[in-house]
1. Express in nm, to one decimal, how much length is gained between B:ASP85 and B:HIS108 on full extension, taking 0.36 nm for each residue of separation and deducting their alpha carbon distance.
2. Rolling a 1.4 Å sphere over the protein heavy atoms, what is the accessible area per residue of the protein assembly as shown, to the nearest Å²?
3. Average partner chain C-beta neighbours within 10 Å, per residue of B:23-30?
4. Report, for B:ARG51, each distance to the same residue's label point in the other copies, shortest first and in nm; define the point 7 Å along Cα→Cβ.
5. Taking θ = phi - 60°, what integer Hz values does the Karplus form 6.51 cos²θ - 1.76 cosθ + 1.60 yield along the range A:58-66, in sequence order, with x for Gly and Pro?
6. Any chance you could run the full-extension gain for B:ASP133 through B:GLU27? It's 0.36 nm times the residue separation minus the Cα-Cα distance, nm to one decimal.
7. Report, to two decimal places, the Cα Rg of the protein assembly as shown normalised by 2.2 N^0.38 Å (N = number of residues).
8. Helix A:95-116 sits at what angle to the longest principal axis of chain A, using alpha carbons and giving 0 to 90 degrees rounded to 10?
Number of protein chains: 2
Amino acid sequence: MGTPEELLDRTLLLTTLLSADMDAFSERTGLSQARIHLLWVLGAEGPVTQRALAAALGVTPRNVTGLVDGLERSGHVTREPHPDDRRALLVTPTALGAEVVATLTAGHRDLADALFGSLSAADRRRFGAMLDDVVASLVQALEEQR
Amino acid sequence: MGTPEELLDRTLLLTTLLSADMDAFSERTGLSQARIHLLWVLGAEGPVTQRALAAALGVTPRNVTGLVDGLERSGHVTREPHPDDRRALLVTPTALGAEVVATLTAGHRDLADALFGSLSAADRRRFGAMLDDVVASLVQALEEQR
DNA sequence: AGAAAAGGTGAAGTAACTTCACGATGAGGT
DNA sequence: ACCTCATCGTGAAGTTACTTCACCTTTTCT
């Protein structure tokens, strides 16, 4: 109990569970992970160009075209002309899209409370500090192997 | 600093980084995530039927057929007849496949050490305990919302 | 022996990705 | 003004990971 590998496995278990949580949301809304992710970014950044979305999502611009196509069909976003640049389009959430975003952020908050709300402030600080260390180690490990 | 939401965000960052690490491995080996996952299970369980793989991976048996097709083409596994059941096939790693599995488990160990090796035993225990609590909370949250 | 269940695959379809080519617009230098 | 070059989005074509449904073969159960 408490070996590095056990900790890693438990962390990986956590990631699978988190992804299960997202899948549940996905099922409830009928939206794919990719489209939810796009809406999430849209909620954080407000109306943006597809190019910006591609950068934020880490995918090619061409792929964003397809995702926006789907979200437009399902009535979650619209493509508005960019006021200053006639090449660009501003992807904008509709009322329905904004509603999903609101549900999304509410779910995020609820999940955070469910997971960490019961911890004492001191424990949260300790956990956060350790998490930071782990993240830093991981970033370093990633850079080294490249 | 240290609010539940910040902790969740940092945890999500950790999952992103872990997935980046897997992507890096994927790139190095030229194998997709799905095929690596299959090989990983194969490494843990030894030669098994496709049915068993489907259950372990949480996908349909039909999908496993396709994944094994790919791994067979790339020379990582073979389909051996099952000694007791002529319907079934035993997916078996080749020498190349076994090598990838070995690299995989070595990478897993190295990553665990890189992330948690520098922590004191007491810290590891504390972190593990908190991780357990968080996982338990998450499991409960998942059950409630269903 | 006969029915039902289990193992694997063909066929067909969806979604998320990619690269490459191309048309339209914007921006900078001369 | 003009030409070049970068940038925004999309059509075309292809890959991979998935799904469901139908089907054949073999095992298992009564």
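The values are calculated or read from the model by the stated rules, or taken from the named source; none is laboratory data. Please read all numbers here as calculations on a predicted model, not as lab measurements. For neighbour counting, all protein chains shown are included, and Cβ atoms are generated from backbone atoms with ideal geometry for every residue, glycine included. Note: accessible area is taken over every heavy atom of the protein model, side chains too, but ligands, DNA and RNA are not part of it. Shrake-Rupley method; radii C 1.70, N 1.55, O 1.52, S 1.80 Å.
1. On the way: separation 23, 0.36 × 23 = 8.28 nm, distance 3.44 nm.
Gain on extension, B:ASP85 to B:HIS108, equals 4.8 nm.
2. On the way: 15930 Å² over 292 residues.
Value returned for the protein assembly as shown: 55 Å² of accessible area per residue.
3. On the way: counts 1, 4, 1, 0, 1, 1, 0, 0.
For peptide B:23-30, the averaged partner shielding equals 1.
4. 5.6
5. Those phi angles translate into x, 10, 6, x, 4, 5, 4, 3, x Hz.
6. Values: separation 106, 0.36 × 106 = 38.16 nm, distance 3.43 nm.
Gain on stretching B:ASP133 to B:GLU27: 34.7 nm.
7. On the way: Rg = 21.7 Å, N = 292, 2.2 N^0.38 = 19.0 Å.
That ratio works out to 1.14.
8. Its long axis makes an angle of about 0 degrees.
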